[in-house]
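Below is one structure; the comments refer to it alone.
The values are calculated or read from the model by the stated rules, or taken from the named source; none is laboratory data. Values in this document were obtained by computation on a predicted structure and should not be read as measured data. All Cβ positions, even for glycine, are placed from backbone atoms using ideal geometry, and neighbour counts span all protein chains on display. Areas reflect the complete protein model, heavy atoms only, side chains present, ligands, DNA and RNA absent. Shrake-Rupley method; radii C 1.70, N 1.55, O 1.52, S 1.80 Å.
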Amino acid sequence: MQTQKKLHGMLLASLASSLWAISGISGEILFKKFNFSSDWLVSTRTLISGILLSAIVIFIEKKSVLKPLKNKKDCLGIILFGTAGMYLVQYTYFKTIELSNVSFATILQFTAPFFIFVYESAKNRKLPSVSTIILLFMTILGVVFIATKGNFSNLSVSMEALVFGLVSAIMIAFYSTYPKKLLKKYGSITVVGWGMIVGSIISNIIHPIWKIEGNVNAKSIIQVIIVVILGTSIAYLIYIASLNYISSSLAGILTAFEPVLAAILSVIIFGLKFSSVEIVGFVLVFVSIFILEKRL
């Protein structure tokens, strides 16, 4: 019975990460084929997902839905989380896809544990162990291999794409570490729901949802639905459901399916080709991050 529950949880976590990968693919299709902008897509994604998640919070939590807003410190925490942990995470990720491709954006975002270790070491004023330093170096080397394809004097992507991708990983690290107290106090759906609303307000101030950029037709609308509904609201709820059956650490490890599936789908859909150096880079990142995640 326990084995069945664990398997059920693992399947749910894997499904959630697969939906996130498919969402990234749909984002790239919208950017490359239908000329949409990452600004508009993030505004749409955060607003609609925020409304859906908030409706679920109201239905589940009812009277306690407004509790985070009644505490000044927690309210400010929600605003900070919504700004950096929701808006900036999504904007930098989709901007990286727009400037490069989903495979590159996903593997860079996957390096978030690297920045968590760097932050924890600086915070505690303690150097990591020799083995951890080697793993951190492997992560850096892997990213260099992917970004240069072995030609170390030249980037295979624009510097802008590389910067946005690294900022995306830093924001994921923030998303993973900052709201722990809020999550414990109010629950994940409530915190993420409010965070998404804050993110949607910021994104729509920067680029209102009604200022549509791109070719709107039946095919592009389907891709938007995949990004907004399947790749955000449903994927998140499935991931949360998986935590009822497995530990958060195991669920986090299973999110490795996202960059793997994103790479496979990029080859199938976009005809993306990886050099041997890039493949070595992917392996270095996967192995190092996989081990680092176990140490967090």
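Name the long-range amide H neighbours of Lys149: under 5 Å, sequence gap of 5 or more, or other chain; modelled H, no Pro or chain starts.
Sorted by chain and number, the residues that satisfy this are Ser156.
Which of Val89, Gly142, Val57 sits closest to the plus end of the dipole of segment 54-207, meaning its Cα is farthest towards the positive end, when Lys and Arg get +1 and Asp and Glu get -1 on the C-beta?
Val57
Past 31 Å, Cα to Cα: identify those pairs from Lys5/Lys181; Lys126/Lys180; Lys181/Lys219; Lys5/Lys184; Lys72/Lys123, in the order given. List each step's numbers first, then the result.
Numbers: Lys5/Lys181 28 Å; Lys126/Lys180 22 Å; Lys181/Lys219 42 Å; Lys5/Lys184 23 Å; Lys72/Lys123 26 Å.
Over 31 Å Cα-Cα: Lys181/Lys219.
So how do Arg295, Arg45, Arg125 rank on accessible area, 1.4 Å probe, biggest first, that is with the largest at the start?
Output order, biggest surface exposure first: Arg125, Arg295, Arg45.
Calculate one ³J(HN,Hα) per residue across segment 76-90 by plugging θ = phi - 60° into the Karplus curve 6.51 cos²θ - 1.76 cosθ + 1.60, and present them in order as whole Hz with x for glycine and proline.
Per residue, the Karplus-derived 3J(HN,Hα) values read 5, x, 5, 5, 5, 4, x, 6, 8, x, 10, 5, 5, 4, 6 Hz.
With every protein chain left in place, what is the accessible area of Lys185 in Å² (1.4 Å probe, nearest 10)?
Estimated to the nearest 10 Å², Lys185 gives 120 Å².
Sort Tyr239, Tyr87 from largest to smallest accessible area, using a 1.4 Å probe on the heavy atoms of the protein chains.
Largest to smallest exposure gives the sequence Tyr239, Tyr87.
Please report the spacing between the Cα centers of segment 167-195 and segment 201-252 in Å, no decimals.
Their Cα centres are 16 Å away from one another.
Report, in debye and to the nearest 20, how large the dipole of segment 1-294 comes out about its Cα centre when Lys and Arg carry +1 and Asp and Glu carry -1 on their Cβ.
On the way: 24 positive and 11 negative charges, 207 e Å.
So the dipole magnitude of segment 1-294 works out to roughly 1000 debye.
Under the Karplus relation 6.51 cos²θ - 1.76 cosθ + 1.60, θ = phi - 60°, what is the ordered set of whole-Hz ³J(HN,Hα) values for segment 100-114, x standing for Gly and Pro?
These are the phi-based 3J(HN,Hα) values: 9, 7, 5, 5, 5, 5, 5, 5, 5, 5, 5, 7, 3, x, 4 Hz.
Using the heavy atoms of the protein chains and a 1.4 angstrom probe, tell me the accessible area per residue for segment 146-286 in square angstrom.
Per residue, segment 146-286 has 50 Å² of solvent-accessible surface.
With just the Cα atoms defining each centre, how far is segment 137-153 from segment 31-74? Give it in Å.
Using only Cα atoms, the two centres lie 36 Å from each other.
How much solvent-accessible surface does Glu160 expose, in Å² to the nearest 10, with a 1.4 Å probe and all protein chains in place?
The value for Glu160 is about 90 Å².
Report, in deg cm²/dmol and to the nearest 500, the calculated mean residue ellipticity at 222 nm for the chain, where each DSSP H run with n ≥ 4 adds -39500 (n - 2.57) and the sum is divided by the residue count.
-24000 deg cm²/dmol
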